[in-house]
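Visitor: Take a look at this one; I'll ask things after.
The values are calculated or read from the model by the stated rules, or taken from the named source; none is laboratory data. Keep in mind it's a predicted model, so treat the numbers as computed, not measured. Every residue, glycine as well, gets a Cβ built from its backbone with ideal geometry; the counts of neighbours run over all protein chains shown.
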Amino acid sequence: MANPLLKRFLRAELRGSRLLIAGGISLFLCFLLREAHNEFLGTRNMELRIGRAGDSEDYLFYWFAVLQWIVLPLWCLVSSLHAVTSERQMRTFDFVRTTRLTSRELLVGYLLGPPVLGFVTVGLSIIVAIGIGVREGVPGDVMAINYVELIVASLMIGLLGLLASTLIDKSWIAGVMLVLVFVAFGLTLSAGPQNGTAFPGLFAFSALGVISGRISFEAPLVPIFDQAVPVWVLTLVLYASCAAWTVLGIVRNIKKDRGEVRIFSNLQALGFAIFANIVLIGMLSPTNISAIAHDYAISNAGVDFLVMNTVLLYAVGLTTLAAAERLQVWCRRLRNRWTAVFSTDAPPLLWLTLAAVVGFATYAFIAYSSSEIGALEDWHLDRIALGLATILVYVARDVLFLQWCLATRMRYPLAKGVGLISIYYASALLFSHFWNSPAIPQLPIALREFTPASAFERYDYGDPEWIGMAMQLALAIVFVLLTLRRLGTGPRVETVRSESVAA
Amino acid sequence: MIELQNLRKEYPEVVAVNDLQVTIPPGEVYGLIGPNGAGKTTTIRMACGLLTPTSGSAKICGVDVHHEPERAQSNIGYLSDFFSVYDDLKVWEYLDYFAHAYKMPEQRIKPRIEEVIQQVGLEVKHDAFIKGLSRGMKQRLGIARAVIHKPKVLLLDEPASGLDPKSRVDLRNLLLSLRDEGSTVLISSHILSELEGFCTSIGVMEKGRMICSGRIEQIVADETKFRVIRVTWIGEVNAGGIFGAIPGVTDVVAQGKEAIFRFSGGDDALAEIPGAVAAQGVKLLSFGEVKQTVEEIYLKLSKNEVM
């Protein structure tokens, strides 16, 4: 075994007694699942029709698949989230960091090592499930694709957990992240085919929905760069891409001190923005959607695009937040050299702006290559440009606020910062909902202007709403400038130089 | 050898390590002394590549730790004050893991594990699970881990914290044997008695600055430009008047039939003092030089700041 870290986990986890317990639990769960399935069939008063097309739920194999899709990713996520965090808490991670293990070896060890007992448990159930699938007449390629997707998805989610684990040092934060990531993953799993969007390929993010249909029906096709491909191919490509970017972040940071972690460099973040926008272009397919949904999808292409770029800008901002110590170095450099604004240690404003420019260039490409979208008055380039600029201001405001939280070195700066921003947006939402007074109809809209929601609306010049939006935008810009000024000034540092003596 | 050149670490509103400049030659045992918060741990963490310095560099055996961390770390053994070990492994498995992590040649690993287990006195626990070891044994296992790859440089951050007296003696003997084998050791502590008689050089840190650094004899010589003399007598004596009048004597502190004073003259002048005071009717019982300890020098250098 070439990887010492992986070997350590295999030694610790795969001792005889643990293996026996894991195997016993796995087989017992298989038995319970079969009993539950029998009960289900009895309730429906149906007989299993081996080899015939029926509902997915009729197949015991499907029941196994669903359970495996829940257990394995969850096991990988829990294990990897605690992999580095627990070592930090035990104060053993420093010793690992001072060995000659490379970042890649650490990644492989922490990704595959901690959940190894889960691999054994689920692996046993997979063997049983394949046997059941063969007996039920489930096509071999369906089973193979299912398990390839399960493995890729589990590794991807394990990688996300490991990346999160490099950022945190407390178990309770790991617990919160666990819930958030798994809820997000669950939501993507349960998403069904989207007819009302010009980006139907996004459906491929959901693997489980695809499986349920595939057992009984033809695998749905989704367009990518105008080529119809089976959805599972796109799912694999999307998951593998997501995993690749996560690997980049982990390898860059896993051997660093927690206070010096910055998920991506500026250029990597920009590369991520370009990549994500290219994927968006690839998924855009206004001609491949049903006629009923066509007009709706086309008219919403701009909104969809802006929503996805909002998420993307937040991702770029969060992955390029500068560590507090490095930010201080940057402040000092900035006083001497203006070129420091391009530094990796700078606050992420410049790179957010470039990511927004990339987004706009992508949309321009879409508009010019799709005459349908380009011709829509609501989504002319100037409207998208204004929308992206508005989103950029609000994202910059939030990201710089988080950067300021980090710079203050308060306890749990990111958790507190994200919490405060969440309270802010929840308040804006509540006010606009409950203060919808007929006497002052502009009020909810005015309140909404405190959020990027205005980017998705169209106001005419001179309208009260337009004035409200402009004022709130101006306020957000002032906030951005003030935060930048505060970050650029930097904290006061003791400047006494030592009179050191060389030995 | 260890070279710290203008090593500096800034945190917002505090400079943890302020332009440190230290060179520790091979075979030296260098004690880093200072109160809590002086910057000792930050210095050691930067020296072994765990922390990136704000500026300056740390070189181990000529290799920059931050430019070529993995190459530099093959020469470093690191141990910190409080730590855990993997309870679910056996003693030999733990050492085997780190031997592989340091990329030791496969054929050297097994004999080396047996060797270090013997060095730290854990032979009877060879196949025992770590969770069954006492705290002292775990600390010894930690030391075994730090030296498993025969590092040329050992960086030890308060290694004796929490050790019982016997384990402290064992640790001292182990480090002495490593020193004799030619390892360079940088060891930090805020308890001077741990380092005295063991280190060949010391550096005194305070508020991130190195206020004094060098070989112990040299520092003692530099800092003791005067000698401290203690005398006792019988009968009634005006000690301040008699001793204070002797050329080169200052700071006479008399209490009962005893006095301590500072003397800045040479050996000949010192030898004449008993005769001179006897001529004035003082019946001396004892007369001798009080040797200053490293601890006293440290207190003097550190302006009596809390240790």
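Visitor: Given B:Val220, B:Val277, which one is modelled with pLDDT of 75 or more and either part of a strand (DSSP E or B) or surrounded by 13 or more Cβ atoms within 10 Å (Cβ to Cβ) (or both)?
Guide: Numbers: B:Val220 fails: modelled with pLDDT of 75 or more.
Just a single option satisfies the conditions, and that option is B:Val277.
Visitor: Right, A:Ala355: in a helix (DSSP H, G or I) and either within 21 Å of the chain's Cα centre (by Cα) or closer than 27 Å to A:Pro413 by Cα (or both) or not? Break it down stepwise before answering.
Guide: Working: in a helix (DSSP H, G or I): yes; either within 21 Å of the chain's Cα centre (by Cα) or closer than 27 Å to A:Pro413 by Cα (or both): yes.
Criteria met by A:Ala355.
Visitor: Can you tell me which of (1) more than 25 Å from A:Phe360 (Cβ to Cβ); (2) modelled with pLDDT of 75 or more; (3) not in a strand (DSSP E or B) is the one A:Leu238 doesn't meet?
Guide: In the conditions (1) more than 25 Å from A:Phe360 (Cβ to Cβ); (2) modelled with pLDDT of 75 or more; (3) not in a strand (DSSP E or B), A:Leu238 misses (1) alone.
Visitor: Also: Could you check the stretch A:131-150 and list, in sequence order, the residues that are in contact (Cβ under 8 Å) with a residue 12 or more places away in the chain and assigned to a helix (DSSP H, G or I)?
Guide: A:Ile132, A:Gly133, A:Arg135, A:Glu136, A:Val142, A:Met143, A:Ile145, A:Asn146, A:Tyr147, A:Val148, A:Glu149, A:Leu150, listed by residue number.
Visitor: Still on this model: Among the helices (runs of 4 or more DSSP H) confined wholly to the stretch B:1-104, which include 2 or more residues that are within 11 Å of chain A (Cβ to nearest Cβ) and at pLDDT 90 or above? Walk me through how you get there before you give the answer.
Guide: Numbers: elements: B:40-47, B:69-73, B:91-101.
Those helices (runs of 4 or more DSSP H) span B:40-47, B:91-101.
Visitor: Also: Could you pull out the residue among A:Leu101, A:Leu180 that is within 14 Å of chain B (Cβ to nearest Cβ), out of contact with any Ser or Thr (no Cβ under 9 Å at 6 or more places or on another chain) and not hydroxyl-bearing (Ser, Thr, Tyr)? Can you show your working first?
Guide: On the way: A:Leu180 fails: within 14 Å of chain B (Cβ to nearest Cβ).
Exactly one residue qualifies, and that residue is A:Leu101.
Visitor: Only one of A:Leu106, A:Leu74, A:Leu111 is within 12 Å of another protein chain (Cβ to nearest Cβ), in contact (Cβ under 8 Å) with a residue 40 or more places away in the chain and not in a loop (DSSP other than H, G, I, E, B); which? First the steps, then the outcome.
Guide: Numbers: A:Leu74 fails: within 12 Å of another protein chain (Cβ to nearest Cβ); A:Leu111 fails: within 12 Å of another protein chain (Cβ to nearest Cβ).
Going through A:Leu106, A:Leu74, A:Leu111 in turn, just one is within 12 Å of another protein chain (Cβ to nearest Cβ), in contact (Cβ under 8 Å) with a residue 40 or more places away in the chain and not in a loop (DSSP other than H, G, I, E, B): A:Leu106.
Visitor: While we're on this one: Spot the failing condition for A:Arg100; the list is (1) outside any helix (DSSP H, G or I); (2) touching a residue at least 40 places away in the same chain (Cβ under 8 Å), and only one is missed.
Guide: The one condition A:Arg100 does not meet is (2).
Visitor: Then there is this: Could you tell me whether the stretch B:168-187 includes any residue that is at pLDDT 85 or above and not hydrophobic (A, V, I, L, M, F, W, C)? Before the answer, list the steps.
Guide: Within the stretch B:168-187, the first condition is being at pLDDT 85 or above, and the residues that meet it are B:183-187.
Imposing the further condition that a residue be not hydrophobic (A, V, I, L, M, F, W, C) reduces the set to B:183-184.
The answer is yes, given that some residue of the stretch B:168-187 is at pLDDT 85 or above and not hydrophobic (A, V, I, L, M, F, W, C).
Visitor: Against the definition (at pLDDT below 70, away from every other protein chain (no Cβ under 14 Å), in a helix (DSSP H, G or I) and within 25 Å of A:Val307 (Cβ to Cβ)), how does A:Ala453 come out, yes or no?
Guide: Details: at pLDDT below 70: no; away from every other protein chain (no Cβ under 14 Å): yes; in a helix (DSSP H, G or I): yes; within 25 Å of A:Val307 (Cβ to Cβ): yes.
Here the answer is no, as A:Ala453 does not meet what is asked.
Visitor: Answer yes if at least one residue in the stretch A:115-130 is surrounded by fewer than 22 Cβ atoms within 10 Å (Cβ to Cβ), within 14 Å of another protein chain (Cβ to nearest Cβ) and touching a residue at least 60 places away in the same chain (Cβ under 8 Å), and no otherwise.
Guide: yes
Visitor: Inside the stretch A:299-334, can you point out the residues that are more than 14 Å from every other protein chain (Cβ to nearest Cβ) and over 26 Å from the mean Cα position of the chain (by Cα)? Steps first, answer last, please.
Guide: Start the filter on the stretch A:299-334 by keeping residues that are more than 14 Å from every other protein chain (Cβ to nearest Cβ), which leaves A:299-321, A:334.
A:Ser299, A:Leu334, listed by residue number.
Visitor: Can you tell which of B:Asp170, B:Asp88 is in the same structural domain as B:Asn36 (by TED's automatic domain parsing) and closer than 28 Å to B:Lys40 by Cα? Reasoning before the result, please.
Guide: Numbers: B:Asp88 fails: closer than 28 Å to B:Lys40 by Cα.
Within the list B:Asp170, B:Asp88, the selection yields B:Asp170.
Visitor: Would you confirm whether any residue within the stretch B:82-99 is basic (Lys, Arg) and under 30 Å from A:Thr408 (Cα atoms)?
Guide: Residues of the stretch B:82-99 that are basic (Lys, Arg), as a first pass: B:90.
Add one more test, that the residue is under 30 Å from A:Thr408 (Cα atoms), and what stays is none.
No, the stretch B:82-99 contains no residue that is basic (Lys, Arg) and under 30 Å from A:Thr408 (Cα atoms).
Visitor: Regarding the stretch B:129-147, can at least one residue be identified that is within 29 Å of A:Thr102 (Cβ to Cβ), surrounded by fewer than 21 Cβ atoms within 10 Å (Cβ to Cβ), more than 12 Å from chain A (Cβ to nearest Cβ) and not acidic (Asp, Glu)?
Guide: Within the stretch B:129-147, not a single residue is within 29 Å of A:Thr102 (Cβ to Cβ), surrounded by fewer than 21 Cβ atoms within 10 Å (Cβ to Cβ), more than 12 Å from chain A (Cβ to nearest Cβ) and not acidic (Asp, Glu).
Visitor: Name the pairs: first residue in the stretch A:358-371 and part of a loop (DSSP other than H, G, I, E, B) and modelled with pLDDT under 75, second residue buried (at least 19 other Cβ atoms within 10 Å of the Cβ) and hydrophobic (A, V, I, L, M, F, W, C), Cβ to Cβ under 8 Å, at least 6 apart or on different chains?
Guide: Within 8 Å, the pairs are A:Ser370/A:Leu284.
Visitor: Of everything in the stretch A:4-16, what is more than 9 Å from every other protein chain (Cβ to nearest Cβ), crowded, with 18+ Cβ neighbours inside 10 Å and not aliphatic (A, V, I, L, M)? Give them in sequence order. Outline the logic, then answer.
Guide: Taking the stretch A:4-16 and keeping what is more than 9 Å from every other protein chain (Cβ to nearest Cβ), we get A:6, A:9-10, A:14, A:16.
Adding the requirement that they be crowded, with 18+ Cβ neighbours inside 10 Å leaves A:6, A:9.
The answer is A:Phe9, and nothing else.
Visitor: Another question, if that's okay. So, in the stretch A:306-352, how many residues would count as being closer than 22 Å to A:Ala276 by Cα and either without any contact (Cβ under 8 Å) to a residue 12 or more places away in the chain or part of a helix (DSSP H, G or I) (or both)?
Guide: 18
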